[in-house]
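First comes the structure, then the notes that go with it.
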Amino acid sequence: MSDTPAAPDDASKVATSKVVTTVFEQILGAVHDGTLLPGQRISDAELAKQFGISRTPVREALQRLREIGIIEASPSRFTRVADVTPLQTAQAFVVWLALYSALLEEVVPTASAETVAAMEQDHAEFLSHLPALDSQALATANFLFFSRLPQESRNPTLQRAIVSVVHIVRLGSLHLPAYIDVAALNEAQELVLAAVRDHDINKARDAIRMLRRIEVPLN
């Protein structure tokens, strides 16, 4: 392994990548916590000023968000938070279910104790918000819970596919005309947690069956 330091250009690329990732994550967080709402216009110039950076990394971050469906744009007209319809949410949920089912088959037999512990905390957080039906808090805890297992996968294509669709499901679920069945969602979380804790693939399959019972309200 060479001890030769990175060339200046390489170092610059690494720094730029970190800036892009930071902007990407902050915009994504603002969308998910409701600071940025569906249909809201986004200005790369204003974001660049806000972050104290050039417009280039902001545009790169926005392009990444476009690739996962969070941002939509029309050249020379607008860049805005995607307005995900209930139908699009339902369609994305079907895709996510298929991908997550494949993920469980792979990772449940070998899930780490650290991941189990993190999912237990996420599930406890989800439960704490059930009595008040706090949709934002429930969505966040649920998102974190189901986002733990992809990191256990050794299939990068599957990981990327799940990430590309899960954000659409989360964004769309925050703006549905009615609540989804949170009791069924809670039971599905419990089954997934039991599956990864016990390395029991049959419990994982039961969890998928429970998730398939959840209907996304369309009107």
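None of the figures in this text is laboratory data; all of them are computed from the coordinates on show. Bear in mind that the values here come from a model prediction, so they are computed numbers and not experimental data. Don't worry about glycine lacking a Cβ; one is built from the backbone with ideal geometry, like all the others, and counts go over all protein chains shown.
Residues whose amide H lies under 5 Å from that of LEU36, counting only those 5 or more places away or on a different chain, are VAL31; hydrogens are built 1.01 Å from N in the peptide plane. Taking Cα atoms only, the orientation of helix 182-198 departs from the longest principal axis of the chain by about 90 degrees. The length gained on full extension between THR21 and LEU97, counted as 0.36 nm times the residue separation minus their Cα-Cα distance, comes to 24.6 nm. Near SER135: Cβ cut-off under 12 Å, other residues only, Lys/Arg at +1 and Asp/Glu at -1. The net charge is -1. Compared with the dominant principal axis of the Cα atoms in the chain, helix 55-67 is inclined by about 30°. When the Cα positions of ILE27, GLN151, ILE208 are compared along the charge dipole of the chain, ILE27 comes out farthest toward the positive end, with charges on each C-beta of Lys, Arg, Asp and Glu. Compared with the dominant Cα axis of the chain, that is its longest principal axis, helix 135-147 is turned about 90°.
Per-residue 3J(HN,Hα) values for region 103-120, derived from phi via the Karplus relation 6.51 cos²θ - 1.76 cosθ + 1.60 with θ = phi - 60°, read 4, 4, 4, 7, 9, 4, x, 10, 4, 7, 5, 5, 5, 4, 4, 5, 5, 4 Hz in sequence order (x marks Gly and Pro).
Report summary: the helix-based calculation at 222 nm, which adds -39500 (n - 2.57) for every DSSP H run with n ≥ 4 and divides by the residues of the chain, gives -22000 deg cm²/dmol. Note on region 49-197: with charges restricted to the Cβ of Lys and Arg (+1) and Asp and Glu (-1), its dipole about the Cα centre is near 920 debye.
Just going by the charge dipole of region 82-155, with Lys and Arg at +1 and Asp and Glu at -1 on Cβ, which of ASN142, PHE93, HIS123 is farthest out on the positive end? It is PHE93. Which entry is the computed mean projected area of the Cα convex hull in nm² for this structure: (i) 14.7; (ii) 11.3; (iii) 12.0? Recomputing mean projected area of the Cα convex hull in nm² here picks out (i). Lys and Arg at +1, Asp and Glu at -1: add these up for the other residues within a Cβ distance under 12 Å of GLU106 and post the number. Here the count lands on -1. Given R0 = 22 Å, the distance between the Cβ atoms of PHE51 and SER76 translates into a calculated FRET efficiency of 0.40.
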